[in-house]
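Chemist: Handing you this structure, nothing more for now.
The values are calculated or read from the model by the stated rules, or taken from the named source; none is laboratory data. Given the structure is predicted, the values throughout are model-derived calculations rather than measurements. Reconstructed Cβ throughout: ideal geometry from the backbone, glycine too, with neighbour counts over all protein chains shown. Calculation scope for accessible area: heavy atoms of the full protein, side chains included, ligands and nucleic acids excluded. Shrake-Rupley method; radii C 1.70, N 1.55, O 1.52, S 1.80 Å.
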Amino acid sequence: MAVESSVLLKWYSETARDLPWRREGVSAWQILMSEIMLQQTPVVRVAPIWEEWVERWPVPSAMAASSQAEVLRAWGKLGYPRRALRLHECAGVLAAEHGDVVPEDVDTLLSLPGIGSYTARAVACFAYGQRVPVVDTNVRRVVARAVHGNAEPGNPSNTRDLADVAALLPRTRAHAATYSAALMELGALICTARTPNCENCPLPNCAWVASGKPAHTGPPKKVQKFAGTDRQVRGKLMAVLRDSHRPVERAQLDIVWPTDPGQRDRALHSLLVDGLVEQTDDGLFALAGEGTP
């Protein structure tokens, strides 16, 4: 069973969200920034920061000319700040080796720092309109239900997942790119993980619905918690350093998580290992790039 392209394209043309990176005149670099930001982060949090970044760093060389610390501060509380460091590194490569332009082909995109399988294909598709399969969590869920009749997708498999979506793409290049966006939109708005809105689904056929919506039989999904985790502690430590434009003493970091010194030390060590934080020769701590005179 296929996900009918004409029906899905019509639904998307009528209901697609007006997201800033979907508008006319957005460059491949700006789409790349949005894709990096949107990984594991809701649209509502990304949009205002992305718009600030587009104005501040309209081309890769503009970001490359900024320091790592500047980029980390601008990243704010989006989470997983290593993405910001990798994007800064990527900007340097684009400026130095690609004429300040994001490449069109997937293989070249994959060679860039911090660019994985999903991001490379998303940029090729959404920035350049290429007919390539783009697979994220939402797309995997739509395919699992509509095509395979499963409540949830199984474990990710790059080869299988890409083949599944490639088989669904319309032959026309322009339609294929829009179809990829529509699949993603369907999973984000209608075919959601917990409460799919089947009554308003535009698809006339769905293998999962046709089989009576069988329950997921695999192990239950682990719910990602945040409170009390090392991620939360790392975020608090990073907030102190973002708010200071000079290295800080250890005591200023210790007070943000006094209840578990061992966890705090572990989180700080991981930030140092990840290159997000530096320690000066006299024992102070700073954001990447600000630890040396």
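Chemist: At a 1.4 Å probe radius, which order do PHE226, PHE285 fall into by accessible area, largest first?
Modeler: I get PHE226, PHE285, largest accessible area first.
Chemist: Next up: Please report the projected area of the stretch 185-293's Cα convex hull averaged over all directions, in nm².
Modeler: Hull-based average projected area comes out at 11.1 nm².
Chemist: Determine the shape class of the stretch 48-115: with a ≥ b ≥ c the square roots of the Cα gyration tensor eigenvalues, call it rounded for a/c under 1.5, and otherwise prolate if a/b is greater than b/c, oblate otherwise.
Modeler: In terms of gyration-tensor shape, prolate.
Chemist: Something else now. Expressed as an acute angle from 0 to 90° and rounded to the nearest 10, what is the orientation of the C-alpha long axis of helix 230-242 relative to the principal long axis of the chain?
Modeler: So the helix axis and the longest Cα principal axis differ by about 60 degrees.
Chemist: So how much slack lies between ARG231 and ARG17, counting 0.36 nm per residue of separation and subtracting their Cα-Cα distance, in nm?
Modeler: 74.0 nm
Chemist: From the Cα gyration tensor of the stretch 152-193, with a ≥ b ≥ c the square roots of its eigenvalues, which class applies: rounded if a/c is under 1.5, or else prolate if a/b is larger than b/c, or else oblate?
Modeler: Oblate, since a/c reaches 1.5 and b/c is not below a/b.
Chemist: Hey, another quick one. May I ask you to list the GluC sites (Glu not before Pro) in the stretch 175-282 that are in a DSSP loop and have at most 16 other Cβ atoms within 10 Å of their Cβ?
Modeler: Passing both the DSSP loop test and the Cβ count: GLU249.
Chemist: How much area per residue is accessible in the chain when the probe is 1.4 Å and only protein heavy atoms are counted (Å²)?
Modeler: Per residue, the chain has an accessible area of 51 Å².
Chemist: Could you work out what % of the accessible surface of the chain is carbon and sulfur, using a 1.4 angstrom probe and leaving DNA, RNA and ligands out of the count?
Modeler: Here carbon and sulfur together make up 52 percent of the probe-accessible area.
Chemist: Which order do you get for THR137, THR178 if you rank them by accessible area with a 1.4 Å probe, largest at the top?
Modeler: THR137, THR178
Chemist: Same structure, new question: Could you work out how far the C-alpha centroid of the stretch 215-293 sits from that of the stretch 132-174, in angstrom?
Modeler: 36 Å
Chemist: Only loop residues by DSSP count here, and only those with at most 11 other Cβ atoms within 10 Å; note down the GluC sites (Glu not before Pro) in the stretch 1-44 that meet that.
Modeler: GLU24
Chemist: For the pair ARG160/SER244, report the inter-label distance in nm, with labels modelled 7 Å from Cα in the Cβ direction.
Modeler: Calculated label separation equals 5.0 nm.
Chemist: Still on this structure, please answer the following. Output the 0 to 90 degree angle, nearest 10, between the alpha-carbon long axis of helix 173-189 and the longest principal axis computed from the alpha carbons of the chain.
Modeler: So the inclination is approximately 70 degrees.
Chemist: Follow-up question, since we're still on this one. Taking 0.36 nm per residue of sequence separation and subtracting the Cα-Cα distance, how much length would be gained by fully extending the chain between GLU24 and ASN197, in nm to one decimal?
Modeler: This chain segment gains 59.3 nm when fully extended.
Chemist: Figure the gain on full extension for ALA215 and ARG45 (residue separation times 0.36 nm, minus the Cα-Cα span) and round it to one decimal in nm.
Modeler: Roughly 58.0 nm would be gained on extension.
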